[in-house]
Amino acid sequence: MYPTQQTRLAALRDFFLSRSGDDLEQACRQLNKLEKSDAAPADAMDWETAEFAFNRLFVGPMAPEAPPYASCYLEEEPRLMGESTLEIRRIYEMAGLSSPLQGRLPDDHLGLELDAALGLTSAAATPDMEAPRALWAYFLNTHLKVWVPLFLEKARNADTSHPALDLVLDALEDWLAGQDPIPTDEKTG
C-alpha cells in the first residue's frame, strides 16, 4: 500500500475513533487533502454540528442511527459482541494484532477494523509472505466487503447528515472499492 493509501486509511480510522470535534476536524482535514470530492472543504465546516451528527449516527447516547460495529450487520440478531466479534478477534490474533482499546470498545468497531486493515495490508505487501496475504484476502472479502457496504447504506439513509460525514463515507466507499484481495507493490493507490 502506498503512503497516500496508508494516510487515507489512517485518517478514516482516526475519524471513526474520534472522541471530540477536534479529532473529527483533524481526520477530515487529512481526508480533504487526499480526496477528490464534491463535499465541502474542511475549512468551511461547522465542527460542533459535525460532532453532534457523528454522535447521533455512530455513538449515542440514544441508539445510533448507523452503529459502526460489524456484528450489527452480520449477526442474525443484531447485537454487540456476537460471534462475528469473536471471529474478528481471532483474525487479529492470527495476524499478531490486538485491539489498542481491548475491553473498552468491541473488536468489530469500524475504527479498530480499519486499524487492523493497516496492519494486515502492510504485512500482506511483504514479499514471499503467503499467510498474511491469505489472511488479508479473507478479512477483506468475507468480512469488510460484506458488512461495510451495509453500514454505508444505513449511514447514508439516516435522518442525520453533515458534509463531513459525506466526505468520510465517500472516502470509505472509495477505499473499499479500490482494495484488491492481495495487495502488491505494483498497484498504485
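The values are calculated or read from the model by the stated rules, or taken from the named source; none is laboratory data. Everything numeric in this text was worked out from a predicted model, so none of it was measured. Every residue, glycine among them, receives a Cβ derived from its backbone with ideal geometry; neighbour counts consider all protein chains shown. For accessibility, only protein heavy atoms count, side chains too; no ligands or nucleic acids. Shrake-Rupley method; radii C 1.70, N 1.55, O 1.52, S 1.80 Å.
Would you tally the residues in the range 76-96 being modelled with pLDDT of 75 or more, surrounded by fewer than 18 Cβ atoms within 10 Å (Cβ to Cβ) and not in a helix (DSSP H, G or I)?
So the answer is 3.
Report the residue count in the range 94-108 for those that are farther than 16 Å from residue 13 by Cβ and of a type in the set (A, V, I, L, M).
1
When residue 52 is evaluated against the numbered criteria (1) open to solvent by 30 Å² or more (accessible area, probe 1.4 Å); (2) under 21 Å from residue 172 (Cβ atoms); (3) assigned to a loop (DSSP other than H, G, I, E, B), which criterion, by number, is the only one it fails?
(3) is the only condition that residue 52 fails.
Yes or no: residue 159 at pLDDT 85 or above and surrounded by fewer than 20 Cβ atoms within 10 Å (Cβ to Cβ)? Explain how you work it out, then say what you get.
Details: at pLDDT 85 or above: yes; surrounded by fewer than 20 Cβ atoms within 10 Å (Cβ to Cβ): yes.
So residue 159 passes the test.
Inspect the range 30-41 for any residue being under 27 Å from residue 179 (Cα atoms) and modelled with pLDDT of 85 or more and give the result as yes or no. Spell out the reasoning first.
Within the range 30-41, the subset under 27 Å from residue 179 (Cα atoms) is 30-41.
Right, trim to modelled with pLDDT of 85 or more and you get 30-31.
Yes; the residues of the range 30-41 include at least one that is under 27 Å from residue 179 (Cα atoms) and modelled with pLDDT of 85 or more.
Consider residue 123 carefully, then state whether it is surrounded by 14 or more Cβ atoms within 10 Å (Cβ to Cβ), of a type in the set (Gly, Ala, Ser) and at pLDDT below 85.
When the stated conditions are applied, residue 123 passes them.
Picking from 111, 60, which residue would you name as being surrounded by fewer than 16 Cβ atoms within 10 Å (Cβ to Cβ) and at pLDDT 85 or above?
Numbers: 111 fails: surrounded by fewer than 16 Cβ atoms within 10 Å (Cβ to Cβ).
The unique qualifying residue is 60.
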